[in-house]
1. Looking at segment 20-30, which of its residues are surrounded by fewer than 20 Cβ atoms within 10 Å (Cβ to Cβ) and either in a loop (DSSP other than H, G, I, E, B) or of a type in the set (Val, Ile, Thr) (or both)?
2. Looking only at segment 48-95, which residues are more than 15 Å from the chain's Cα centre (by Cα), in a helix (DSSP H, G or I) and over 19 Å from residue 36 (Cα atoms)?
3. Among (1) part of a helix (DSSP H, G or I); (2) open to solvent by 10 Å² or more (accessible area, probe 1.4 Å); (3) touching a residue at least 12 places away in the same chain (Cβ under 8 Å); (4) polar (S, T, N, Q), where does residue 168 come up short?
4. Among the residues in segment 237-252, are any buried (at least 19 other Cβ atoms within 10 Å of the Cβ), modelled with pLDDT under 95 and of a type in the set (A, V, I, L, M)?
5. Of 211, 215, which residue is in contact with a His (Cβ under 7 Å, 6 or more places away or on another chain) and either in a loop (DSSP other than H, G, I, E, B) or over 27 Å from residue 37 (Cα atoms) (or both)?
6. Consider only pairs whose beta carbons are under 9 Å apart and that are at least six residues apart or on different chains; among these, list those whose first residue lies in segment 130-144 and is over 10 Å from residue 116 (Cβ atoms) and whose second residue is basic (Lys, Arg) and at pLDDT below 95.
7. Residues in segment 171-195 that are surrounded by 13 or more Cβ atoms within 10 Å (Cβ to Cβ) and among the small types (Gly, Ala, Ser): how many?
8. Any idea how many residues of segment 94-121 are polar (S, T, N, Q) and buried (at least 21 other Cβ atoms within 10 Å of the Cβ)?
Amino acid sequence: MRLDDRPCEEADWAGRWLDAGTHHIPVRVYRPGPNPYGWLVWAHGGSWQAGSVERWHEPVADFARVSGCTVVSTGYRLAPRHPHPAQLDDVLTALSWAEQQAEPGEPVAVGGDSAGGTIAACAALARRDRGEPLAAQALAYPPLDPDCAAPSYTRVPGAFPAAEDLRQAWRRYRGANGTVVRGDQRLRSTPLEAGRLDGLAPAILAVGDLDPVADDVTGYVRRLRAAGNDVRLRVFPRTPHAVFLTADGSDPHDLALRHWLGTALRDRLRPRKETA
């Protein structure tokens, strides 16, 4: 069924549950302004163990306004009760639903912040492997290396997330699984498990220079570019982890990462409409 146009509690969003067969997935659908264009499925952060569409309400609503997209903020089953690939399966289900809602030819993208960005990057890989490419992937500071070995993890003493805490989160998320093979498809827990990175959705990545995962992000960008992908990266000065969630507008500098990512996504998707 298509999402209807009836007014909801707030004019710009509606909550619903997606039927995933064995369970239901909570989503909030944000429609900015009278003429949104494009659909984005957004996966929240929380070290794969926490977070919710309710907790991410304000930042995702803001991101929808900036990007001009209809944003589907999706929940997913959490570790350690539900290890990988449960999270990826749920995001892929939300993407399939978003495609059913979109108008013919309207672009559909995936994105996420922190752990949600990791899942979103893996969703882009899974969709490539299925022959179902996405219009874009918008990733805010995704952790990518389960070993947390890069120099950026020790560059700023006391920075969040601490390497050991994040390593524990990776273990809870991955369980005994890295890449899971299901039929003829590989479901990866991190895109670094992929043997090849060509043919992926255009990538837009943002990270702060004080973020422990900064080297994960910049290293992944180099690999994406070497594989021939369209990639945009911005590294924000004096910016820590988690600002997509924590920026509240009291300091315009704090909103820079979220608003750049939203604007870059809008620029990526809108020309497709204009040249259709």
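The values are calculated or read from the model by the stated rules, or taken from the named source; none is laboratory data. Note that this is a predicted model, so its numbers are computed, not measured. All Cβ positions, glycine included, derive from the backbone under ideal geometry; neighbour counts span all protein chains shown. Accessible surface is based on the protein model in full, side chains and every heavy atom, while ligands, DNA and RNA are left aside. Shrake-Rupley method; radii C 1.70, N 1.55, O 1.52, S 1.80 Å.
1. If we filter segment 20-30 for residues that are surrounded by fewer than 20 Cβ atoms within 10 Å (Cβ to Cβ), which is where we start, we get 20-24, 26.
Selection gives 20, 21, 22, 23.
2. Within segment 48-95, 86 is the sole residue that qualifies.
3. Result: residue 168 passes all but (3).
4. Yes, segment 237-252 contains at least one residue that is buried (at least 19 other Cβ atoms within 10 Å of the Cβ), modelled with pLDDT under 95 and of a type in the set (A, V, I, L, M).
5. Values: 215 fails: in contact with a His (Cβ under 7 Å, 6 or more places away or on another chain).
Of 211, 215, the one residue that is in contact with a His (Cβ under 7 Å, 6 or more places away or on another chain) and either in a loop (DSSP other than H, G, I, E, B) or over 27 Å from residue 37 (Cα atoms) (or both) is 211.
6. If the second residue must be basic (Lys, Arg) and at pLDDT below 95, the pairs left are 135/272.
7. Qualifying residue count for the region: 4.
8. Step one: of segment 94-121, the residues polar (S, T, N, Q) are 96, 100-101, 114, 118.
Filter again for buried (at least 21 other Cβ atoms within 10 Å of the Cβ), leaving 114, 118.
Residues in segment 94-121 being polar (S, T, N, Q) and buried (at least 21 other Cβ atoms within 10 Å of the Cβ): 2 in total.
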